[in-house]
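What follows is a short report on a single structure.
The values are calculated or read from the model by the stated rules, or taken from the named source; none is laboratory data. Remember, it's a predicted structure, so these values are computed and weren't measured experimentally. Reconstructed Cβ throughout: ideal geometry from the backbone, glycine too, with neighbour counts over all protein chains shown. Protein only, heavy atoms only, side chains kept; ligands, DNA and RNA dropped before computing areas. Shrake-Rupley method; radii C 1.70, N 1.55, O 1.52, S 1.80 Å.
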Amino acid sequence: MPREIALLDALMPTLILAFIAALLLYWLLDKVLVWLGVYQFIWYRALFRLSLFSCLFCALGLLIY
Amino acid sequence: MHHFRIRSLMPRWRYALLGAVRDWMREDAQTLVYIGKVLLACMLALWVSLKFDLEQPRTALLTVAIVMQARTSMVLAKSYYRLIGTLVGIIISVLLIALFAQERILFLLSMALWISFCTAGSIVFRHHQSYAFVLAGYTLCIVGLPATLNPDQTFNIAMTRLSEIMVGLASASLVSALVFPQGVSELLRHSVRNRFRDFSRLLTSLDRRKLAAPATRAETLRMVGNVFELEIFHASSSMESDHSRTYRQRLNLLNSEFMAVTTSLHSFEQLMRRLHRSGHPQVVENLLALFTPVQAAVLTHQREVRDEHEARQVVLTSSTLLDHWETHLQEVKSRLPADLSSSDTLDFATGTALILRILNELHAYTSTYAGLDTSQKAAAVKIWKMPGMGMHFDPLTALLAGLRGALVFAAMSFLWITCDLHSGVEAITFATICSTLFASSPTPRRTVRQFITGVLIGTILLYIVNFHLLTHAQGFAMLALALSPVIIVAAWLTTKPSIAVIGAGIFIVFFLHIGFNNTFAADPVNFINAAIADLLAIMLAGVFYSLIDLSNNQWSRTRIAQALRELIQEICVHPAQPLRSRLETNVRELLLRMGTVHRVADARDKEVVDWLLSTLEIGQAVIALRSEAHSTPVPSIRRSIKHSLHQLAQLFAQPSTAWRNTTIRSITDSIEHLQQQEIRMQLTSANHQQLLAMLHFIRGALLDTDSVLTLSASLDIAEKQGVLNNA
């Protein structure tokens, strides 16, 4: 995949798209996890959330590079 | 023996030590952790911006300093709105540059328009939303002004600023979420409990002695204004996704129920005061006897309820009371002397109706409170009509604030162009920050004074850091070391609510002019120029705050009193059935605008406060009356009540003695009409009782010589006597 894409004639890193996609995915996944009540079993929720997001973003990023 | 004595002594000092440690953990440790978090977030932002070679790392630092707060979710909420504000500001700057890059006058004019729009917006909205408007306003200066100097670079400048701000936001959010996160839920629970305790105290303190003493408004007013304290935490708690939707809805419900019950309590107290002054002593005595079980209901074990669990006890007691209300009422009624006049009987009936209302509302309020800690699965999930807080604002005030923002900007631009001010861009930016940021403050002049102090201290610190520390700094560690002292001092100042603005001033001036971009530049001439420009800007903003003072003068007080009267008129004559929650929120909104919750003692504010409380008092009675009248099958009653309410609206539109008398007479006519035997036969007894009670209550409020109406429409005593004798 190209590393930069033209958005309205402005070159942007494709990673931005990956970031936004990861945000959307994370948001959906987070809703599901809240609904399932998974967070009750997690000690450090903020850290878990950050790690979850990092995993998603890295996975998408690796697909590009 | 000796050995034993030492052992028995040991625990005592250990307890003392433990207590001291606990206190320290609660107070000082929190502050230290917060300062550490600010420092960490700043360093993270600095490191990332340097790593990515961003042009102005200081913008990222400034962002961190602005959004950092003690509570995680408040940081997230503020960051979210800062992002929105910045994005809108950047889009507008790019748009304006595309349109008017060659025409400086048109460009500056349209900027002034936008800034006035944003200032007005920051007045209309509350809390974080208001902040988003402020940001959308001054981002235009931060991005737009430098970009007009070299228009071909606009896009790059905009993108760099956006990236820097994003880095700042991300660092602040990450650090506050990961390092000792402090949820808002604990705070929420704490303030909900405190509020219930304060409310119980107010409820139980109503007795014979208090009725005889002159009215103190401070307590009531504090209760009435308490709603907003919770709202800011509440608004940010939506950022914490751990909270269920049901929980937030319950909090909303709790808020509106709280408002309802405090208003009813206030009305009851007013009624009792009037009766104590001029009513039959036996009526007062028996009403108090009727009220005592309600007061006892909010206590467990002779003290106020501490938490949700104990509140369940109150729910049980109050529902038993409601079940046995009729027998209780009959018992108290039987103690009344037989030879009461019809007016005294009406007094008693009105008091009874109010006590019953308080009991019902107390029951609802406590049930919601007790239901807060049950898990969402267990409680039946109902869809409530969300009362929301709504908005109420004075268009003229918003307009004037907008005008002030535009004038500050225009004056500064004029100076820039005509005097060829060296640091013109900085000066304009600074003036705009001042004129938008403090517009929604209840005491802008004091805030600006504090801010000036902060800017002065900040400039001195800046000089030391810029020319004595940074010149020796090599590498990131040394840079961090040079910056930390100022960050620590400013962050410490922001934790003290009374002088927080000084800290903010230090932060803003420090990070706007700190002498490094990605390359270091220490130029004393530039520095002095910038410092002079800042001072000029803030003085100018201060002057305009004094010239267009919207917060604390006779004009604004008159406006607020007028707005309150208009509210009553609307409630009286609006064709649709008025909502109780609308009255309650609108009145509190005005109270918040007034910003006088903490200085009730001020005699000049007394008039507004009186208007405020009597609006609540009469407003709730009118709403109850209208909803009862709505369900009445007899058209003649509806007609006479409608007529009386029209008169009442007229009275509030233009208070005068003549209108006051006419209104009182009209209400008396309605009461007499209701009391006719053939009318009484057509109504259910509850309906009839309620209508009579509310009409009588409104008449009582109008007849009160201590009422605020007396200021503009004094009542002749003869008239009052006449009405009372007729009744």
From the protein chains alone at 1.4 Å, what is the descending order of accessible area for B:Trp611, A:Trp43, B:Trp114, B:Trp492, largest first? A:Trp43, B:Trp492, B:Trp114, B:Trp611
Quick check: with the 1.4 Å probe, what order do B:Arg22, B:Arg193, B:Arg273, B:Arg335 take by accessible area, largest first? B:Arg22, B:Arg335, B:Arg193, B:Arg273
Tilt of helix A:14-36 relative to the longest C-alpha principal axis of chain A, in degrees (0 to 90, nearest 10)? 20 degrees
Which value in nm describes the separation of the simple spin-label points at B:Arg446 and B:Ala338, placed 7 Å from the Cα toward the beta carbon? 6.2 nm
Could you name the aspartates and glutamates whose alpha carbon sits less than 14 Å from that of B:Lys51, not counting residues in the same chain fewer than 8 places away? B:Glu164
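Can you work out the FRET efficiency for the pair B:Gln282 and B:Leu149, with r the C-beta to C-beta distance and R0 = 56 Å, to the nearest 0.05?
Working: r = 83 Å, r/R0 = 1.48.
Efficiency, rounded to the nearest 0.05: 0.10.
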How would B:His301, B:His688 line up by accessible area, probe 1.4 Å, largest first? B:His301, B:His688
Under 5 Å between amide H atoms, partner at least 5 residues away or on a different chain: which partners does B:Thr300 have, H built in plane at 1.01 Å? B:Val305
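Given a 1.4 angstrom probe, I'd like the percentage of the accessible area of the stretch A:4-64 that is carbon and sulfur, rounded to a whole number.
Values: 3430 of 4390 Å².
For the stretch A:4-64, the apolar C and S fraction of the accessible surface comes to 78 percent.
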Anisotropy class of the stretch B:93-195 from Cα gyration tensor, a/c 1.5 cut: oblate
Working from Cα positions, state the angle (0 to 90°, nearest 10) between the long axis of helix A:45-64 and the longest principal axis of chain A. 30 degrees
Amide H contacts under 5 Å for A:Ile5, placed H, 5+ residues apart: A:Met12, A:Thr14
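Given Cβ point charges of +1 (Lys, Arg) and -1 (Asp, Glu) and nothing else, what value in debye, to the nearest 20, does the dipole of the protein assembly as shown about its Cα centre take?
Working: 68 positive and 57 negative charges, 296 e Å.
With Lys and Arg at +1 and Asp and Glu at -1, about 1420 debye.
Strictly over 29 Å apart at the Cα level, which of A:Lys31/B:Lys78; B:Lys210/B:Lys333; B:Lys210/B:Lys606; B:Lys210/B:Lys642; A:Lys31/B:Lys496 would you flag in this model? Could the numbers behind the result be given before it?
Working: A:Lys31/B:Lys78 22 Å; B:Lys210/B:Lys333 24 Å; B:Lys210/B:Lys606 20 Å; B:Lys210/B:Lys642 36 Å; A:Lys31/B:Lys496 37 Å.
From the list (A:Lys31/B:Lys78; B:Lys210/B:Lys333; B:Lys210/B:Lys606; B:Lys210/B:Lys642; A:Lys31/B:Lys496), the Cα-Cα distance tops 29 Å for B:Lys210/B:Lys642; A:Lys31/B:Lys496.
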